[in-house]
Amino acid sequence: MKNIVIVLAGALFGAGIAISGMANPAKVQNFLDLFGVWDPSLAFVMGAALIVATPAYFFVFKAGKPKFAERFHLPERKNIDRKLVAGAVLFGMGWGLSGLCPAPALVAILSGIGHFVVFALAMLAGMILQRQFMSR
């Protein structure tokens, strides 16, 4: 049952990304281009997500524990350090330049367009390199 819920949640999330246009790099880049061809539609996507998620968090955490796990796995660190800031800067630069971040990139590869596959492979290589680098 747990795996079915995971697949359904992932499919719903992926469908939301596809329908909202977040898997379209041009749409994302136009959202980030405040002084050019600005497209505010993704702000509405983010706002709708907050409207749905905010009350959901209240009900989920009120239950005490997740339905399919022993406990909630929440971040334990609260400090902002150089690694966090550097990672956020790199993520933002990559998102702005490519118009894709990890989840939309995985949705975009379903289109079969070659440069999305190349992006996803480069993203995977970066994740592997980061894990190797941080384990030292």
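Read the figures in this text as sums done on the coordinates, not as results from a lab. A quick note: this is a predicted structure, and the numbers were derived from the prediction, not measured. Quick reminder, even Gly has a Cβ in these numbers, built from the backbone with ideal geometry, and neighbours come from all protein chains shown.
Number of Lys-Lys pairs in the chain with C-alpha atoms under 28 Å apart and a separation of 8 or more places or on different chains: 6.
Could you work out [θ]222 nm for the chain from helices alone, using -39500 (n - 2.57) per DSSP H run of at least four and dividing by all its residues? Round to the nearest 500 deg cm²/dmol. Mind dumping the intermediate values first?
Values: 6 runs with 94 residues, N = 136.
It comes out at -23000 deg cm²/dmol, rounded to the nearest 500.
Anything in the chain that counts as a DSSP H helix reaching 20 Å or more along its axis (C-alpha) with Kyte-Doolittle mean of at least -1.0? List them, would you? Each step should come with its number before you reach the end.
Details: long enough: 2-20 (27 Å, 1.82); 41-62 (33 Å, 1.73); 82-98 (24 Å, 0.96); 114-134 (30 Å, 1.35).
What comes out of the filter, once short or polar helices are dropped, is 2-20, 41-62, 82-98, 114-134.
Peptides 47-60, 103-116, 75-88 ranked from most to least packed give 103-116, 47-60, 75-88, packing being the mean of other C-beta atoms within 10 angstrom over each peptide's residues. Using the empirical formula 2.2 N^0.38 Å as the baseline, the Cα radius of gyration of the range 75-136 reaches a ratio of 1.29.
Among the listed values [x] 0.98; [y] 1.22; [z] 1.33, the one computed from these coordinates for Cα Rg over 2.2 N^0.38 Å is [y].
Shape of the range 7-62 from its Cα gyration tensor (a ≥ b ≥ c, root eigenvalues): rounded if a/c is under 1.5, otherwise prolate when a/b > b/c, or oblate? All intermediate terms of the calculation are to be shown ahead of the outcome.
On the way: a/c = 4.21, a/b = 1.73, b/c = 2.44.
Because a/c hits 1.5 or more and a/b fails to exceed b/c, the range 7-62 counts as oblate.
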